[in-house]
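**Student:** Take this structure first; my questions come after.
The values are calculated or read from the model by the stated rules, or taken from the named source; none is laboratory data. Just so we're clear, the structure is a prediction, and the values are computed from it rather than from any experiment. Using ideal geometry, Cβ is built from the backbone for each residue, glycine included, and neighbour counts are taken over all protein chains shown.
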Amino acid sequence: MSHNHTHGSPYTRLMERLNRFPQGAPESKLLYDILKILMTEKEAGLMAQLPIKPFGVHKAAQVWQMPEHEAQKMLDGLASKALIVDIEQNGQQIYAVPPPMAGFFEFSLMRVRHDIDQKTLSELFYQYITVEEDFMRDLVCGGDIQMGRIFPQEPQIPDEYMLQVLDYERATNVIDTASHIGISMCYCRHKAMHEGHACNAPMDICMTFNTTAATLIKYGHARQVDAAECRDLLAQAYDYNLVQFGENVRRRVNFICNCCSCCCEAMLAIKRFGVAQTICSNFISRINAEKCVGCGKCMKICPVNAIEMIEENGRKKARVVPERCIGCGVCVKNCPTHALMLEPRPNRMITPLDTTHKVVAMATERGKLQELIFDNKVLFSHRLLAGVLGAILKLPGLQRSFAQAQLKSRYLEKMISKAAGE
């Protein structure tokens, strides 16, 4: 879509900066209008200059060419609007610009606000994300490593397989080990409410954890809860047949959304683009044909249309379409004859260790690794560069080769060769 009239504006520069993320945001007049609602022209100009990597107030002051006390004030103002996040790290305040999704797009609708027009914003989000499709297609179809993954509903996993469920696959473990837990309004259903078609699923049930929860709680975008209350909300999500879609990392998960099939952008994207196999859990539904009575309840309740009805010996039977199944367990919970069960997939999905590992893997697949490493044409500090190189060395061999080809770095080549024992 043409947006020549915006050429050179702070909002256009911010759009260009956002597309240096592994998870970009295709330029569009709609995105331009979204940014105009979320921030002032001055704020857009400031954000457009910020590095991709986390930074401190000293770095921001350098980039913005202003005294540190002024930079501190601007950073705190952006954080209070949930446009950036602030993180306490080793006694120091570190800031980062979150990606649009899961990031400041969602943060803008995770509570009722009167400083922005949330109804107009919701319509713009709908047009940009659902109607235009480029944003969501780029987000979920760019590679095998995705921003999020499905957590199976733990009560639906048979006892015989419980020992095969790793800690990072359990939503309850994320809850019990989080340093902070925040509960906010569901972005997707809040947006649908403004459009006049929200479902009856609970609204205040969006879960954030750890550093993301800490900053959202600090500025009033989330309500702090303890692990017991969060577990109760998880049980409520199960009761409403909501799907748990969380950050695709093994350590320090920052969010778990409780998704419905009608409003949730993740569920709609899975159905629209057929990306179940890059987002699914490590479980899959299986039907016991002898117990199936062909009632069709599982087909109706499956959030991603992964179950169909077939004729077998003159009787209707349910059939799971393996390439569509996300392994959430919603169908298992609702089968009246217990004909469905979750079982482990033959091959486990690769889940990145942490956010750094995930971002590097996504950047590698999407051809954006150089942007990540040489942000603003300035190398990472030795500590941060070591973290990124460490993440590269954890990638599978083919992805490491892609990373090396993108960087054309002799240092990286020696690191990879040494790790491989050559």
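**Student:** Restricting the search to the stretch 26-48, which residues are modelled with pLDDT of 95 or more, more than 20 Å from residue 113 (Cβ to Cβ) and polar (S, T, N, Q)?
**Tutor:** Across the stretch 26-48, there are no qualifying residues.
**Student:** Also, quick follow-up: Looking only at residues in the stretch 311-368 that are small (Gly, Ala, Ser) and crowded, with 18+ Cβ neighbours inside 10 Å, which one is farthest from residue 101 (Cα to Cα)?
**Tutor:** Checked the stretch 311-368; the qualifying residue farthest from residue 101 (Cα to Cα) is 339.
**Student:** Which one of the conditions (1) surrounded by fewer than 16 Cβ atoms within 10 Å (Cβ to Cβ); (2) charged (D, E, K, R); (3) at pLDDT 95 or above does residue 144 fail to meet, given that it meets all the rest?
**Tutor:** Among (1) surrounded by fewer than 16 Cβ atoms within 10 Å (Cβ to Cβ); (2) charged (D, E, K, R); (3) at pLDDT 95 or above, residue 144 violates only (3).
**Student:** Tally up the residues in the stretch 23-42 that are in a helix (DSSP H, G or I) and either assigned by TED's automatic domain parsing to the domain that holds residue 147 or without any contact (Cβ under 8 Å) to a residue 60 or more places away in the chain (or both), please.
**Tutor:** So the count comes out to 6.
**Student:** Every residue in the stretch 209-223 that is in contact with a strand residue (DSSP E or B) (Cβ under 7 Å, 6 or more places away or on another chain) and either part of a loop (DSSP other than H, G, I, E, B) or more than 22 Å from residue 92 (Cα to Cα) (or both), please.
**Tutor:** To start, the set of residues in the stretch 209-223 that are in contact with a strand residue (DSSP E or B) (Cβ under 7 Å, 6 or more places away or on another chain) comprises 209, 211-213, 215-217, 221-223.
Passing the criteria: 221, 222, 223.
**Student:** Moving on to the next point. Which one is surrounded by the most Cβ atoms within 10 Å (Cβ to Cβ), of the residues in the stretch 149-172 that are over 18 Å from the mean Cα position of the chain (by Cα) and among the β-branched types (Val, Ile, Thr)?
**Tutor:** Out of the qualifying residues, it is 157.
**Student:** So, in the stretch 84-108, exactly how many residues are out of contact with any strand residue (DSSP E or B) (no Cβ under 7 Å at 6 or more places or on another chain) and farther than 19 Å from residue 358 by Cα?
**Tutor:** 9
**Student:** Anything in the stretch 100-117 that is touching a residue at least 24 places away in the same chain (Cβ under 8 Å) and part of a helix (DSSP H, G or I)? List them, or say none.
**Tutor:** Result: 100, 101, 102, 104, 105, 106, 107.
**Student:** Checking residue 228 against (1) under 22 Å from the mean Cα position of the chain (by Cα); (2) of a type in the set (Gly, Ala, Ser); (3) assigned by TED's automatic domain parsing to the domain that holds residue 180, which test does it fail?
**Tutor:** That leaves (1) as the condition not met.
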